[in-house]
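Here the structure is laid out as structure tokens; the discussion comes afterwards.
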Amino acid sequence: MKLPDKYVGKWRIIHMDQWDQDFVDLVVPGYVTIKKDGLGSFQFGAVQGEIDCRIERRFDGEVLSFTWEGEDECDPASGRGWARVDRNEMTGQKASSMRRLMGRICDRGGYPIC
């Protein structure tokens with residue numbers, strides 16, 4: 001399944017509810033990358049992983065739903081989440097198998113569309 005263009009690209013994480021920006025950018029500037037085929041990756045702080053996305057239609061509109069698998073401080077981690085895009089801003093939540101991790105706001109932040 002191909003994703004609509006509005007979701008595709010590299011998104012810079014510019015805000016997280018649970019951590020300050022210094023943590024988000026600890027290793028690299030925090031980001032989420034989503035490709036047209038629905039696969040992608042992310043990294044913030046010491047958390048990184050691969051994502052698998054799909055469009056989901058809910059009572060409150062369309063969302064990008066995803067599952068993820070990766071590492072949190074070198075420990076295996078996985079979970080799921082969702083995101084919405086309004087113009088050049090993405091908002092959503094990512095949850096691990098242990099706890100809800102964040103609300104996040106991302107923007108294209110000067111990154112080119114992939």
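Read-outs throughout are calculated quantities, based only on the coordinates presented, and are distinct from any laboratory measurement. No experiment lies behind these values; they were computed from the predicted model shown. Glycine also receives a Cβ, built like all others from the backbone with ideal geometry; neighbour counts cover every protein chain displayed.
Quick notes on this one:
- Here the residues 74, 53, ranked from fewest to most Cβ neighbours within 10 Å of their Cβ, fall in the order 74, 53.
- Couplings for segment 52-61, taken from phi via the Karplus curve 6.51 cos²θ - 1.76 cosθ + 1.60 with θ = phi - 60°, read 10, 10, 7, 7, 10, 9, 10, 4, 9, x Hz in order; Gly and Pro are left as x.
- With a Förster radius of 25 Å applied to the beta-carbon distance between residue 20 and residue 71, the computed FRET efficiency rounds to 0.75.
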